[in-house]
Structure formats: structure tokens, C-alpha cells
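Structure first, then comments.
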Amino acid sequence: MGISEDGIMGEKMLFMFLDEWGYKFFQPDSIGEKDGSFFVFEAKHQERFKAPPFDGHGLPRWQIERRLDFSKRTGIDTILVVFDKETGETFYQSLKTLNEGQYHDTHGDKPRRIYPIESFIKFSPGEPESTLGGR
């Protein structure tokens with residue numbers, strides 16, 4: 001078994017261990033620190049949700065709820081970074097900011113919350129780095 005397989009197996013074992021002990025947990029895609037502030041990053045490489053009601057991107061609702069609860073209790077915000085499969089564009093925004101604005105909840109087996117594309121900041125090469133994290 002290689003390093004990657006060992007790492008994946010270790011994570012699976014950890015998740016089973018935490019679940020058995022009654023922990024609620026989530027796995028951030030990354031945690032970053034800049035200028036003394038920490039951020040959790042959630043990355044999605046996905047196709048754009050199409051209107052109606054609007055074009056946008058989003059997450060499964062359970063992920064949003066878990067990350068917003070974490071943010072409320074710790075003060076550490078989650079930044080959603082979306083790599084749009086169709087256009088190659090990159091969008092980002094604070095999950096707290098997104099959730100305070102307009103959104104649309106889908107229903108079914110895998111409900112998602114979709115935010116309008118205009119609610120995101122479109123990454124442009126050479127933009128000031130300080131805009132990441134909603135600053």
C-alpha cells in the first residue's frame with residue numbers, strides 16, 4: 001500500500017473511530033492563516049447550476065449547516081472556492097456572506113443550497129490577495 005492509500009485508509013479509520021465515539025465532525029478541504037486570522041476553505045469543482053431561479057454555485061445543505069455552526073462557535077469563517085467546470089472560472093466568497101444573501105434550496109435525495117453567481121467574487125489573476133477571506 002502506498003502513502004496515498006495509507007493516508008486514505010487512516011482517514012477512514014479515524015472517521016469510524018470518531019463516529020463510534022459520538023463526535024460530529026467534518027473534513028475541511030484546507031485551513032489557512034493570513035494576517036493572524038484563520039479560515040476554513042471548502043473547494044468545489046463543479047458545473048454551474050442553471051436558472052431558474054438563477055445561475056449559481058452551492059453546496060449540500062448539511063455541509064453549510066455544519067460549517068456555519070463551526071463559524072458561529074469559533075469565529076473561524078469558511079470560504080467557498082468554486083472551480084467552474086464549464087467556464088474554467090474561479091469564484092470565492094465567505095459562506096457566512098453567501099448565506100446572508102439570496103439563495104435557493106433544492107430538494108430530493110441530495111438537497112443543495114445554490115447561491116447566485118453574482119454573490120461570488122470572481123478571481124482575476126493579479127488581484128490583491130487581501131480580498132480572499134472577505135476583507
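The values are calculated or read from the model by the stated rules, or taken from the named source; none is laboratory data. A quick note: this is a predicted structure, and the numbers were derived from the prediction, not measured. Every residue, glycine among them, receives a Cβ derived from its backbone with ideal geometry; neighbour counts consider all protein chains shown. Accessible surface areas use protein heavy atoms only, side chains included; no ligands, DNA or RNA. Shrake-Rupley method; radii C 1.70, N 1.55, O 1.52, S 1.80 Å.
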Here FRET efficiency (C-beta to C-beta, Phe17 to Phe38, R₀ 30 Å, nearest 0.05) is 0.75
How many percent of DSSP beta bridges within the chain run antiparallel, rounded to 5?
70 percent
On a straight-distance basis, which aspartates and glutamates could pair with Lys34 in a cross-link, Cα separation under 14 angstrom, same-chain partners fewer than 8 positions away excluded?
Asp77, Glu129
Can you pull the percent of the chain's accessible area that's carbon plus sulfur, 1.4 Å probe, other chains left in place?
54 percent
Equivalent-ellipsoid semi-axes of segment 1-75, from the Cα gyration tensor, Å, largest first
27, 19, 16
Non-local amide H neighbours of Val81 (under 5 Å, H modeled in plane, Pro and chain starts lacking H): which ones?
Glu42, Ala43, Lys44
By how many nm would the segment from Phe83 to Ile8 lengthen if fully extended, with 0.36 nm per residue of separation less the alpha-carbon distance?
24.7 nm
Angle check, please: helix 3-20 long axis (alpha carbons) against the longest principal axis of the chain (alpha carbons), in degrees 0 to 90, nearest 10.
80 degrees
Calculate how large, on average over all directions, the projected area of the Cα convex hull of the chain is; give the answer in nm² to one decimal.
10.7 nm²
Subtract the Cα-Cα distance of His45 and Ser124 from 0.36 nm times their separation in residues, and report this length gain in nm to one decimal.
26.7 nm
Using alpha-carbon coordinates, inclination of helix 61-74 to the longest axis of the chain, degrees:
80 degrees
Give me the 1.4 Å probe accessible area per residue for the chain, excluding ligands and nucleic acids, in Å².
66 Å²
Which far-off residues, 5 or more places away or on another chain, put their amide H under 5 Å from the one on Leu59, with H placed in the peptide plane?
Arg113
